[in-house]
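For reference, the structure discussed in these notes is given below.
The values are calculated or read from the model by the stated rules, or taken from the named source; none is laboratory data. Since this is a predicted model, take the numbers as computed values, not measurements. Heads up, the Cβs are rebuilt from the backbone with ideal geometry, glycines too, and the neighbour counts pull from every protein chain shown. Side chains are part of the model used for accessible areas, which takes the heavy atoms of the whole protein and leaves out ligands, DNA and RNA. Shrake-Rupley method; radii C 1.70, N 1.55, O 1.52, S 1.80 Å.
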Amino acid sequence: MNNFTFYSPTYFVFGKGTQHEAGHYVKRFGGSKVLIHFGGGSVKRTGLYDDICRSLEKHGIEYISLGGAQPNPRSGLVYEGIELCRKEKVDFVLAVGGGSTIDSAKAIAAGTVYDGDFWDFYEGKPVEKALPIATVLTIPAAGSEGSPDSVITHEDGMRKRGATGEAYRPIFSILNPELTFTLPKYQIACGVCDIMAHVLERYFTPTEDVETTDRLCEALLCALIEEAPKAVANPEDYGAQANIMWAGMVAHNNIVGVGRRQDWSTHNIEHELSALYDCAHGAGLAVIFPVWMQYVMKNDVMRFVQLASRVFGISVNFHNPEETALRMIERLKQFWSSLGLPVSFKEVGAKAEDIDFMAEHISYEDDGCIGGFMRLNAERVKEIYRLAL
Ligand code: NZQ
Ligand code: ZN
């Protein structure tokens, strides 16, 4: 196991009715003038927006609001939000929505207190300072409610890039599973796939002696495989949604990823799909993860065998471990497909003729590669895209 530091200071408020406590927690954590940031309108339709306003008013907190964060959030609204926060002297940003809204809110919070262009953070500058950020989560998926990350697409060139920094960890996050009852089934499935992908990106590692975090990853995957079909069948299944919601946070605040080299190629490869075709991030992952697995399996097939046996209960063929690994990949694909997720390039609107562009558009590390489990250059990434055709 590698050396690591782990600091996850977010205060989580979990359970029924907790959105009514938003005002209390904003006050407790020092906010006096709040920007409520939200997405395309679901929070207005469900009445959540009004609940939040009432809660802030009850605690004497001033607020303004900015809606319109779209899935795969864009830089244009971030610039608008920064200007608004400066003009209105906002001292606290409250994101009410999913990962896209939260990520947009994080970018606004950092950009407001930064003299340069907020995009610098998405080109690699660490985020050291931001207005305090808090979240009221409406979809378990991206894990941004507990993560130090934000992903934004710059309209100039449709570059989808991530930024990281401790200042991006929310100061508090409200997680009420009841708020997910209005989710379309497809969004529930996309969210589950993203959560599973966050676990798998960490699971595939060349680092040895990581049994504790391996077992935590496996437990999360087992729980998700059990709970996801229940939530998709009945979005108002509180127990299933509650388990998925907490899994979404645990999968991505890095508690299951510490002390190990992580992979993250699949996310990089997928981000090109959701930037170019505007598909849901989770849908793109369902297409890319199985083909990435197929491609890199030879690098350490026993890691795939371990996953097959411990999570999918597949009996191991020790004479032919590749066969066991392939059976596991097939089972994973079938599982995602059974939730209603796409499994091919075509289904997310992707085109073979864009493969070269996407593979060359990825932001590679200094050696021209990505990936902690297996190093992949642009040529290898093209082969992976082609496997999804
Ligand atoms: O915009 P509204 O109207 O709210 O509708 C949203 C949106 O259309 C809808 N929705 C959300 N909650 C709802 C609801 N509809 C009805 N009832 C509810 N309770 O669902 C749609 C998807 O929302 P979005 O916020 O885009 O989903 P998600 O949480 O999956 O976020 C995706 C974004 O997060 C990034 C992705 O790349 C993508 O841009 N990621 C962020 C990460 C991070 N910050 O740590 C890590 C992830 O790997 C990921 O890359
Ligand atoms: Zn993700």
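Miscellaneous remarks
- Condition met for Leu341 (in a loop (DSSP other than H, G, I, E, B), closer than 26 Å to Ala233 by Cβ and open to solvent by less than 20 Å² (accessible area, probe 1.4 Å)): yes
- Enumeration of residues in the range 165-178 that are open to solvent by less than 30 Å² (accessible area, probe 1.4 Å), within 11 Å of ligand 1 (Cβ to nearest atom) and touching a helix residue (DSSP H, G or I) at 6+ places or on another chain (Cβ under 8 Å): Tyr168, Pro170, Asn176, Pro177
- Scan of the range 130-145 for residues that are near ligand 1 (Cβ under 7 Å from one of its atoms), under 20 Å from Lys185 (Cα atoms) and open to solvent by less than 10 Å² (accessible area, probe 1.4 Å), ordered by number: Gly143
- Looking only at the range 125-142, and only at residues there that are within 16 Å of ligand 2 (Cβ to nearest atom) and in a loop (DSSP other than H, G, I, E, B), the one that is nearest to Ser42 (Cα to Cα): Ile139
- In the range 146-157, the residue that is surrounded by the fewest Cβ atoms within 10 Å (Cβ to Cβ) out of those that are farther than 18 Å from Gly68 by Cβ and not acidic (Asp, Glu) is Gly157.
- Residue in the range 146-162 that is in a helix (DSSP H, G or I) and more than 12 Å from ligand 2 (Cβ to nearest atom) present: no
A quick yes/no check of all residues on (1) away from ligand 2 (no atom under 16 Å from the Cβ); (2) surrounded by 20 or more Cβ atoms within 10 Å (Cβ to Cβ); (3) within 21 Å of Ala141 (Cα to Cα); (4) of a type outside the set (D, E, K, R):
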{"position": "Leu48", "(1), (2), (3), (4)": "yes, yes, yes, yes"}
{"position": "Arg54", "(1), (2), (3), (4)": "yes, no, no, no"}
{"position": "Ser65", "(1), (2), (3), (4)": "yes, no, no, yes"}
{"position": "Gln70", "(1), (2), (3), (4)": "yes, no, yes, yes"}
{"position": "Gly76", "(1), (2), (3), (4)": "yes, no, no, yes"}
{"position": "Cys85", "(1), (2), (3), (4)": "yes, yes, no, yes"}
{"position": "Glu88", "(1), (2), (3), (4)": "yes, no, no, no"}
